[in-house]
Structures are given as structure tokens and as C-alpha cells.
Amino acid sequence: MKNDNILQREVLDVIKEKYGEIFAAEKKVADFVLQNPQKTVDSNVSEIAKQSGVSDATVVRMCHHIGYTGYYQFRITLARDLGKKQYEGMVIPKSTGAIEKLFHDYAEKLIAIGRRMDAETMWNCVNLLKICNVAHIIAIGNTCSVSKYMGFRLGRLGIRSTFEASAEFFMNHINLADPGDIVVAISKSGTSKPVVLGMELAKEKGLKIIAITDYVQSPVSELADYVLLSSGEDEPFNYYKDYAQTNVMATIDALLNFVTNEEWIKMKQADRPEMILSEYKI
């Protein structure tokens with residue numbers, strides 16, 4: 001691929017090298033990035049444009065002109081660069097105390113999510129899942145595993161769902177959806193383009209949308225009817241940590257905990273597959 005080489009280089013070095021070749025408006029974006037690399041990683045296109053005093057299109061053009069396929073590739077490569085610096089020379093203590101502290105930090109983050117969660121939003125999401133005909137779960141990339149988990153759990157609760165790893169497949173499901181269906185959009189960044197496209201199609205069809213994301217200021221949040229935030233606060237993006245799905249899984253588990261209805265499970269015989277397969281499990 002033509003830009004493979006550029007991906008091996010640090011973004012800030014690329015900007016400095018190409019600075020003289022870009023237009024004046026694009027230089028405003030470049031200046032902002034050079035002065036605020038972490039803030040850039042934590043921002044979407046519109047936020048960068050506003051901070052730089054330019055249009056969204058100018059931000060994307062700047063990324064193209066210095067060699068990246070778009071803002072996402074530019075941002076994720078910059079995040080990688082910053083992540084490497086955070087971990088350079090770091091010594092991880094091999095002790096029980098270090099392990100306990102790690103799990104304590106996990107627990108604190110989950111508690112923070114619970115504190116931030118809006119109760120009315122949660123109950124609205126619970127009710128939507130209880131009354132929907134089919135829940136179409138959409139996600140892309142490393143979040144697909146979470147969508148499969150949620151789909152499986154919904155099935156065991158007696159709620160029909162679709163969950164596909166391919167945008168072509170989940171777009172088909174949404175396009176053929178009935179009025180009683182809903183969409184559950186999962187995107188940690190809140191900017192996943194295929195997920196956004198799926199949500200826009202769902203909007204056209206008049207479907208209700210639940211979003212699970214880390215960022216309240218994001219395209220995914222703006223398109224959703226209800227947003228469940230899967231972060232306790234707007235933490236700086238960390239290239240190496242942000243692939244973990246602990247917070248998203250916990251948010252889904254909390255939602256499904258309130259959806260659980262024993263009478264409904266019994267009526268739908270939702271646990272029958274487990275009973276059928278039980279004889280094959282030792």
C-alpha cells in the first residue's frame with residue numbers, strides 16, 4: 001500500500017516535514033496538532049476544526065495532503081506514537097500488590113461509570129429492549145466480539161437479535177427492519193463510520209437507537225435516541241489500553257441485568273438451547 005511507509009513514522013515528524021507543502025488553512029490544523037497532540041487524539045474531526053478555526057473538510061484535507069488516508073488513520077497513528085512514549089522505560093512490578101492495584105483500578109472505573117450513568121436513560125433502554133421485536137446490534141472492528149456477546153445474552157433472555165461483524169450484513173438487517181425493531185450501536189470512539197452509516201439508515205426508517213460509547217460528544221451519541229456512556233469520565237485516549245472492552249462489557253451487563261425477566265424467559269423457553277446442550281457438557 002502506498003502509505004505503508006508513512007505509518008512507520010511518527011506523525012509529528014511527518015507534519016513538520018510536510019508543513020511547507022500544505023495550504024494556509026491546513027497549517028492552522030497542523031499548528032494545533034503540534035501544540036496539542038494528546039488533545040488531538042481525544043478529539044473528533046469537528047472538535048479539531050473548531051479549535052483550529054477551520055472547516056471539517058480542511059482537517060481531512062490536511063490529513064490527505066501529508067499522506068494519510070483520512071483523519072481516523074492520522075489520529076490512530078498519533079495515538080500509537082503517544083502510547084509508545086507512555087510505556088517507554090516503564091517497569092511493571094511483579095508482585096501481588098501490583099496485581100491487586102490493577103484490579104482495584106478496574107473496580108474504581110466501573111464504579112465511576114455507574115455514578116455517571118443517567119438512571120432515566122437506563123430505564124428507557126431497558127424498556128426498549130423488553131418491547132422490541134428484534135434488536136439489531138451493530139459494531140465494527142474489535143468491538144464485534146462485544147456485539148456477539150450481547151446478542152447471545154439477549155437470546156438467553158428471550159429477545160431476538162441480529163449481530164454481524166460485517167457492515168454489509170448489518171446494513172441489510174437494518175434496511176429490512178420492521179417498525180417494532182430497534183438498533184443498538186456500539187462504538188467506543190463514537191466515530192466508527194460504518195456504525196454511523198448504520199445509524200443514519202436506522203433514522204431514515206424511524207427506528208429507535210441505543211448507543212453504547214465512551215464519548216458524549218461524538219457522531220454516534222448525536223444520532224442516538226438514548227446514550228449509555230461506557231466510561232466514568234472523558235479519559236485521554238490510550239492506544240494500548242483502549243482496545244480493552246471491560247467497561248463496555250460492564251455497561252452491557254448492567255443493562256441486561258435490568259432486562260432479565262424470569263417469566264418472559266420461561267414463556268419463550270429461552271433457556272431450552274442450554275438444556276439441550278447440557279448433556280454434552282461434562
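Couple of notes before you dig in:
- Residues in the range 126-143 that are closer than 16 Å to M249 by Cβ and assigned to a helix (DSSP H, G or I) were compared, and the one that is nearest to the chain's Cα centre (by Cα) is T143.
- In the set (1) in a loop (DSSP other than H, G, I, E, B); (2) out of contact with any Cys (no Cβ under 9 Å at 6 or more places or on another chain), the condition left unmet by V146 is number (1).
- Answer from T40, T69, T58 - the residue that is of a type in the set (S, T, N, Q), outside the structural domain of S218 (by TED's automatic domain parsing), closer than 23 Å to G141 by Cα and surrounded by 18 or more Cβ atoms within 10 Å (Cβ to Cβ): T40
- Hey, K84 charged (D, E, K, R), modelled with pLDDT under 90 and either in a helix (DSSP H, G or I) or in the same structural domain as S192 (by TED's automatic domain parsing) (or both) or not: yes
- Qualifying residue in the range 148-165 (condition: of a type in the set (S, T, N, Q) and more than 24 Å from F258 (Cβ to Cβ)): no
- Residue within the range 149-168 that is within 14 Å of the chain's Cα centre (by Cα), polar (S, T, N, Q) and at pLDDT below 95 present: no
- Evaluation of G198 against (1) surrounded by fewer than 20 Cβ atoms within 10 Å (Cβ to Cβ); (2) in a helix (DSSP H, G or I) (one fails), failing number: (1)
- Tally, over the range 27-43, of residues that are polar (S, T, N, Q) and in a loop (DSSP other than H, G, I, E, B): 2
- All of A139, A135, A167, A177 fail the test of being surrounded by fewer than 18 Cβ atoms within 10 Å (Cβ to Cβ) and either without any contact (Cβ under 8 Å) to a residue 60 or more places away in the chain or of a type in the set (K, R) (or both), apart from A167.
- Criterion applied to A98, A79 was being part of a helix (DSSP H, G or I) and under 17 Å from the mean Cα position of the chain (by Cα), and the one residue passing it is A79.
- Of all residues making up the range 3-26, the number that are assigned to a helix (DSSP H, G or I) and over 14 Å from D81 (Cβ atoms): 10
So that you can scan it fast, the table gives a plain yes or no per residue for (1) over 13 Å from G198 (Cα atoms); (2) hydroxyl-bearing (S, T, Y):
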{"site": "N133", "(1), (2)": "yes, no"}
{"site": "I137", "(1), (2)": "no, no"}
{"site": "G141", "(1), (2)": "yes, no"}
{"site": "S145", "(1), (2)": "yes, yes"}
{"site": "I159", "(1), (2)": "yes, no"}
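The values are calculated or read from the model by the stated rules, or taken from the named source; none is laboratory data. Please read these numbers as outputs of a predicted model, since none were measured by experiment. Note that we place each Cβ from the backbone using ideal geometry, even for glycine, and neighbour counts take in every protein chain shown.
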